[in-house]
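First comes the structure, then the notes that go with it.
FYI, it's all coordinate maths here, none of it is from the lab. Since we're looking at a predicted model, the values are computed, not measured. For neighbour counting, all protein chains shown are included, and Cβ atoms are generated from backbone atoms with ideal geometry for every residue, glycine included.
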Amino acid sequence: MTSSDAQIISVPTYGTPVVDDSCYIAPGGRLAGDVTLHANVGIWFNAVLRGDYEPIVIGEGSNIQDNVSGHVDTGYPLTLGKNVSVGHNAVIHGCTVEDDCLIGMHATVMNGAVIGKGSLVAAGALVLEGTIVPPGSLVAGVPAKVRRELTPEEQEAVRQNAANYRKRLEIYKAEATA
């Protein structure tokens with residue numbers, strides 16, 4: 001379901017967004033160019049994904065929260081795995097985020113960075129270009145550094161964040177009116 005205020009913009013040079021019917025795009029959400037949303041993805045208020053130059057692929061069950069900016073550069077596609085949460089006002093640019101990760105509010109992840117499965121990028125962190133984060137890591141700071149491994153409980157909390165957003169997605173699909 002897409003709200004009446006969301007925009008899905010075809011750009012013939014780059015492509016047309018492909019959105020699974022189970023997705024929800026909130027008012028103000030924008031997709032442009034080569035963007036693919038797999039099942040049960042939530043694009044929340046005023047988030048923008050612009051797939052020019054390279055593709056953007058958002059994995060099943062992921063959520064792109066309010067005011068997130070997702071973009072690419074030549075040679076740097078943007079790929080998110082399954083059950084990824086990207087927090088409010090984050091910037092994800094030409095990077096790869098593997099399954100079951102959380103990118104904190106106001107964090108920035110730059111070109112060529114890879115965030116390993118089950119990791120958490122803290123709010124406000126700046127993950128520099130080309131940084132490789134091992135699976136299950138807590139990453140924080142400016143510039144961001146791996147601080148430690150996440151505990152099993154913390155990894156479960158990251159997974160639960162995505163699950164909570166999937167529940168919210170279903171409520172909005174059923175009840176939201178613009």
Report summary line: In the range 7-175, taking the dipole from +1 charges on Lys and Arg beta carbons and -1 charges on Asp and Glu beta carbons about the Cα centre, the listed residue (ASN89, PRO12, ALA32) farthest towards the positive end is ASN89
Query raised in the report: In nm, to one decimal, how far is the modelled label at SER10 from the one at ASN164, with both set 7 Å along Cα→Cβ?
Result: 3.9 nm
Query raised in the report: For the residue pair ASP73 and ALA123, what label-to-label distance in nm results when each label sits 7 Å from Cα along the Cα-to-beta-carbon direction?
Result: 2.8 nm
Report summary line: the range 1-150: antiparallel bridges as % of DSSP beta bridges, rounded to 5, reads 10 percent
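Give the average over all directions of the projected area of the C-alpha convex hull of the chain, one decimal, in nm². Provide the component values of the computation, followed by the final result.
Details: hull surface 34.8 nm².
Its average projected convex-hull area is 8.7 nm².
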Requested in this report: Subtract the Cα-Cα distance of LYS173 and ILE132 from 0.36 nm times their separation in residues, and report this length gain in nm to one decimal.
Outcome: 11.2 nm
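Summing +1 for each Lys or Arg and -1 for each Asp or Glu, what net charge is found among the other residues whose Cβ lies under 10 Å from the Cβ of GLY118?
Numbers: positive: LYS117, ARG159; negative: GLU98, ASP99, ASP100, GLU149, GLU154, GLU156.
Net of charged neighbours comes to -4.
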Query raised in the report: Quick one: helix 152-175 against the long Cα principal axis of the chain, what's the angle to the nearest 10°, folded into 0 to 90?
Result: 10 degrees
Query raised in the report: Nearest 20 debye, what's the magnitude of the dipole of the chain about its Cα centre given +1 on Lys and Arg Cβ and -1 on Asp and Glu Cβ?
Result: 280 debye
